[in-house]
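The values are calculated or read from the model by the stated rules, or taken from the named source; none is laboratory data. Because the structure is a prediction, the values reported are computed rather than measured. Cβ sites come from the backbone with ideal geometry, for glycine too, and all protein chains shown count toward neighbours. The protein model used for the area step is the full one, side chains on, heavy atoms only, and it has no ligands, DNA or RNA in it. Shrake-Rupley method; radii C 1.70, N 1.55, O 1.52, S 1.80 Å.
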Amino acid sequence: MRKILFWVATYCFWVITVGNAQQRCGLDASMNILELRDPTFRQRFESRKEEINRNALSASHEKNSGTSAGDITIPVVFHIVVNQGQYEKMGGKWGIESRCKSQIDVLNEDFNRSNFDSSLVPELWKPLYGNVGVHFALAHTNPYGYPSPGYTIRLISKAGVSEFDSAKYTNLGGTDAWDVNKYINVWCVNFDGPSVSGLIGVTQSRSMGGDSSALGICMLYNVLGRRQDTAQSFPGNSKDSTWYDLGRTLTHEMGHFFEIWHVWGDDNGLCPWNPDGRRVLPDLPPQGGQTTTNPRYNIPGGTIHDGCSDSSGVDVQPIGIACLDFMDYTDDSGMHLFTPDQALVMRSMFADPTGESYSLTQHPEVLEWPVGAPQIFNVFPNPTTGVLTFYYDNNTNPLQYITICDVNGIKAGTVLPTATPDFVFDISWLRSGVYILKIQFLHSVATQKVVLYKPGK
Ligand SMILES: [Zn+2]
């Protein structure tokens, strides 16, 4: 009974806080849930936040540049939990692979001051264009030592998850996290249900507490990656389809994972000098509430202000508000930077050995393909009318040749690779039917059934 009451209360909160409109980030809603579970949560969270900021900003050796030397690469695994229709909307296996790779590119650009749209950082903001100096890569060894393309796929029959946490457990219809001390887990799901519909992304960081096996980020499945072509599916309709197609949802959520929060302070639109208002970090200007859409903060020398621009006649927003920061709610196309103080806080997560994400830097081996392991490959389209593309990850186990056999095992031909990581070959000289490809890699052999269908032949 108590559990039922809890979920009824939870449900009401979610309906109030999430509703049906698209919601860039579920931070407020998840905080409300955590507070319902534990009334002392908010107090603990705020204390921890202050402690993290204080420690990070007092580390004066990093203070001046907002960055530091050191080569940190964090392993990331994407858990795709979708139904068949959503899988196809993502572009199938090939599309998912491509989205994962472009998403990693976006993270590496945004966290290393090399985003493609850096020219849109206005002159006044250039001193606040911080460099986190952290890199990300797909994990190529899974927790059991087997090779991985850096993502897992679970096809489900339902339209999605009705609570974001259920995506994180295999027995609840999702996928269990990989060791949270070695990998950052990102679940890509459809949010379906009155409590979560409209969500784009939501994060559980260490400071938020809760079940440690749920640490990570949950986001809408088709927000994954950066748009490569106009045919790809990203959230939105024809009017707003450009909102979330540059991969910045994960940039924003990764900021939360590394303990930085919204630039306006999540204080119900208050200015920092109000009794319940919050100043987020010293180098962020005072800001009332969140920014939506894209205010196009690219006027040379221009500034954008809000209701907190003036305090007793003193202009406290000489460079405007931080609506171009990755931690506002601006459209993907309008956000361009983390500030040096935000970078310091995130970097402090990797401090040896006290940083809460330090352990993520200690397992570079999971970024590599296990030596001698089976190869990852894909043959498509299948069925085919004749022309096939063979894709494989060119790693320590290179492709040698492919033997084409009929269903009786009789050899019909041999194909040699002509390029890496993919090449095209033609089997239209064969008759329509089912064939088996025996794929010989240097250290292993794999087989793949292909269906050749030539209309009328
Ligand atoms: Zn957020």
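Tabulated results
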read-out	value
Cross-link partners of Lys126 among aspartates and glutamates (Cα-Cα below 16 Å; sequence separation of 8 or more within a chain)	Asp110, Asp117, Asp283, Asp325, Asp341
Violating pairs (Cα-Cα greater than 24 angstrom) within the set Lys93/Lys449; Lys93/Lys168; Lys93/Lys158; Lys411/Lys449; Lys101/Lys158	Lys101/Lys158
Peptides ranked, highest mean first, by Cβ atoms within 10 Å: ranges 347-354, 128-135, 45-52	128-135, 347-354, 45-52
FRET efficiency estimate (nearest 0.05) - Cβ-Cβ, Leu155 to Thr418, R0 41 angstrom	0.80
Global geometry of the chain, whether rounded, prolate or oblate, following the gyration tensor of its Cα atoms and the 1.5 cut on a/c	prolate
Rounded percent of accessible protein surface that carbon and sulfur make up, the chain, 1.4 Å probe	54 percent
Rough spin-label spacing in nm, given labels placed 7 Å along Cα→Cβ, for Asp352 and Asp38	3.1 nm
Part-to-part distance (alpha-carbon centres) for segment 101-115 and segment 349-427, which is given in Å	24 Å
Three-way shape label, segment 307-408, alpha-carbon gyration tensor, a/c 1.5	oblate
Average accessible surface area per residue within segment 63-216, 1.4 Å rolling probe, Å²	37 Å²
Accessible-area value, Arg54, 1.4 Å probe, nucleic acids and ligands omitted, Å²	150 Å²
Kyte-Doolittle mean at least 1.0 and Cα axial length at least 20 Å: DSSP H helices in the chain	2-17
Listed peptides 407-419, 24-36, 169-181 by packing density, highest first (mean Cβ within 10 Å)	24-36, 169-181, 407-419
Aspartates and glutamates whose Cα lies under 14 Å from that of Lys454, excluding same-chain neighbours fewer than 8 positions away	Asp426
